Structure formats: structure tokens, C-alpha cells
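Have a look at the structure below, then the notes.
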Amino acid sequence: MRILITGGAGFVGSSLCLQLKQAYPTYEIFAFDNLKRRGAELNLTAFKELGIRFIHGDIRNAEDLAGIDGFNVMVEASAEPSVLAGLNTSPSYVINNNLNGSIHCFNECLKHQAKLIFLSTSRVYPIERIEHAAFIEEETRFSFAGHQHEPGISENGISEDLNLQGARSFYGTTKLCSELFLQEYAAFYGLSTAITRFGVIAGPRQMGKTDQGVVTLWMAKHFWKKSLKYIGYGGTGKQVRDILHINDLMELVDLQIHHTEKFAGKVYNAGGGLAHSASLQEMTAICQAITGNHVMIDAEPTNRPADLRSYITDNGKIQQNTGWTPKRSVQQVFEDVYRWIQENEKQLEPILKD
């Protein structure tokens, strides 16, 4: 088995490279990345130690991909992942990377008759439909009410039945367009595919920033005793996200690589779900308990563009059809990130501290 992982030096990509190689030592694993994101270069040493081949390239350049030897499976984990991408600047980069670059990947899979595991996003769902849902404001969080007027939304979160009509961000739109193209490739070219819409993914190796990687950001600020800010929705910190541990994602991708037929012709949501969700307030309490540190948290009541009061993944469909379900708790995610920062403090301090 020869597996090519695009975005292979990023958080998700590097984790998949390392865990797949450890689980299947005889497999050849290739990590393809442009090293644009700060901190990605730190993964190259671990790749070398395990015999993972690193290829420096950019999916926006079809020629970079064309020079790769044959492979059986591609995991398309490359992306400009920020929901703010293109909102305050030109959308050219996010479009070129997430749409045009993905199509280059699809074409390479056709050429090599390889399977394609496509990592999409929950951000394909329109903002206004989620924001107009019925919510309950509780002491530490916003929760979806039991009765909803919009099909695809329930107290368990967002399902695949939610209407896709509406604006969602350039990031979400490029990923949705890639999904649609991929379905054409599957229908007319016979490309074997698995498409999954992931929510917030977290764990060690993630270089967290304000617009992407909130778990690492929150833990890093507590670790180094730096200030934070609750932004939007009155500055109360009640916004909620479900959190998927990177190891739970790994188990799903492993299943998709080896049993791609189970996912043919379908698109699934996959996330932490209601049981593995937390508000910013709740994340603060977890970080305080783990680190013993309390940090100053300012309040900015004005909402950021494209933000959501709450996003919870309804995993009902994928659990029923494939048996996959997330196992790791929010507490475990934060504990694992804390240990990773603690063990790699000198390397990570210039990247995560400020």
C-alpha cells in the first residue's frame, strides 16, 4: 500500500502520516506539503525517523503532483482552513488552493487509479440557517432547542439533511464545490471516494490561531499565562463547538482507506457530537483545572464575520451506516494538547506563546 497525504506536514496530515506508518509499518507513506503554515517544518524530523518520505510541493501546481510515483490512496488533507480567508482580503488564495488545487488532486488519482479520501468541512452549511435556529441560553453555553423549524437541525446538532442554499464563507464554498466536483468524478470516471464533513478537530501537533485551532490556542494561552478574549455574542464566551480528537479522525480515515466501498456515493458528517462539545467558558474552566493558571479574558461583544453561535455535529448517519463513533472526551483532548506543549515547550514557545 502506497498512501499519499496532501497537506501532509499540517496538523491533520502529519498526524495521519505518523499514525498510519506506526499502525502499518510496511506501508509507504508520502507527505506532500508546501510548508506555508508556521510550525509545519517541525514535523519533518519525525517523518525522517519513521521513514516517511516528504515531498515539498504545492497542490496549486499540477506539475508538483505529476512528478510523484504511483500511489494507491490519496488522503486530501490540504486546505486553507480559516473561515475568515478571503473575507478581508482577496479570495484568490483560498479558491486556488481549496478548489483548483483539489481538482489537480482528483486528476492525479484518476491517473494512478487510486482511491481518494476527501476531508471536507462542516462549514459547507449556510451560516444564516444555523444562526436562525432555536437556541436556549444556559449558564455557560448556547444549546440547540429540542423543537426546530429547519429540517436538519435538532438538539443533537446539524445533520446532512440541512438545506445547503445560502452563504457560508469562501472556505466553506470552496470545499463544497470540491465535494460536488468529486461526485462528478465518481459518477462519470468511476473514482473511488469517501467524503466527510468534519467539525472542529483538535489534538497534539496543531498550531492553533484565533481563526483556526481554538483548543491549542486556549491551552497555549493558559500554559504561558497570556490573555484571551471572548469575541462576539455579547462577549460572554457561550459559543459552542463539538471537538473531535485527532485519534478519532484517524480511526475513521483508517476505515475509509481499507473499506472505501462503505462510503461510496455518500457524504457524511463526522465530529465530536453533543457529548464531546464545549463552550469557550467551559474550555476556560478545563484549561484552568489542567494548568492551575488563570488568565485575563477580555470581552468583545461584536460578532466576527461568518461566526456561529453554536455548531454541533449530528453523527447519527455515519454511526448507523458504518459503526464509527467518536470515543475521546473533551477533557482528554485538552490533556493531550497540554502534555504535547509541556514536552515540546522550547520548540513551540516562539510559535504558540504570542
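Please treat every number below as a calculation from the coordinates, not as lab data. Note that the coordinates shown come from a computational prediction; the quantities given were computed from them, not determined experimentally. Positions of Cβ are generated from backbone atoms using ideal geometry, with glycine treated the same way; all protein chains shown enter the neighbour counts.
Could you work out the relative contact order of the range 51-150, using alpha carbon pairs under 8 angstrom and six or more residues apart, expressed as a whole percent?
For the range 51-150, the relative contact order is 27 percent.
Please give the calculated 222 nm ellipticity per residue for the chain, where each DSSP H segment of at least 4 residues contributes -39500 (n - 2.57) and the sum is spread over every residue; nearest 500 deg cm²/dmol?
Helix contribution divided over all residues of the chain: -11000 deg cm²/dmol.
If you stretched the chain out fully between residue 163 and residue 288, how much longer would it get, using 0.36 nm times the residue separation minus the C-alpha to C-alpha distance?
That works out to 41.1 nm of additional length.
Using alpha-carbon pairs under 8 Å, 6+ residues apart, how would you state the relative contact order of the chain in percent?
This gives 18 percent for the chain.
By how many nm would the segment from residue 229 to residue 332 grow when fully extended, if each residue of separation counts as 0.36 nm and the alpha-carbon distance is taken off?
34.7 nm
Which GluC sites (Glu not before Pro) from the range 141-234 combine a DSSP loop assignment with at most 11 other Cβ atoms within 10 Å?
none
Within the set 48/225; 36/266; 36/346; 226/346; 48/115; 175/221, which residue pairs have Cα atoms separated by over 23 Å?
In this structure, 48/225; 36/266; 48/115; 175/221 lie more than 23 Å apart at Cα.
Count the DSSP beta bridges whose two residues both fall in the chain, then state the antiparallel fraction as a percent rounded to the nearest 5.
Of the beta bridges lying entirely in the chain, close to 20 percent run antiparallel.
How many percent of DSSP beta bridges within the range 85-229 run antiparallel, rounded to 5?
Restricted to the range 85-229, the bridges split so that about 50 percent are antiparallel.
Evaluate E = 1/(1 + (r/R0)^6) for residue 264 and residue 148, where r is the Cβ-Cβ distance and R0 equals 35 Å; express this FRET efficiency to the nearest 0.05.
So the FRET efficiency works out to roughly 0.70.
What distance in nm separates the simple spin-label points at residue 62 and residue 93, each placed 7 Å from Cα in the Cβ direction?
Those two pseudo-labels are separated by 2.4 nm.
Would you please calculate the Kirkwood hydrodynamic radius of the range 99-190 over all C-alpha pairs and express it in Å, rounded to one decimal?
15.2
Please report the spacing between the Cα centers of the range 306-354 and the range 17-45 in Å, no decimals.
19
For the range 240-296, what relative contact order do you get, as a whole percent, if you take Cα pairs closer than 8 Å and at least 6 residues apart?
51
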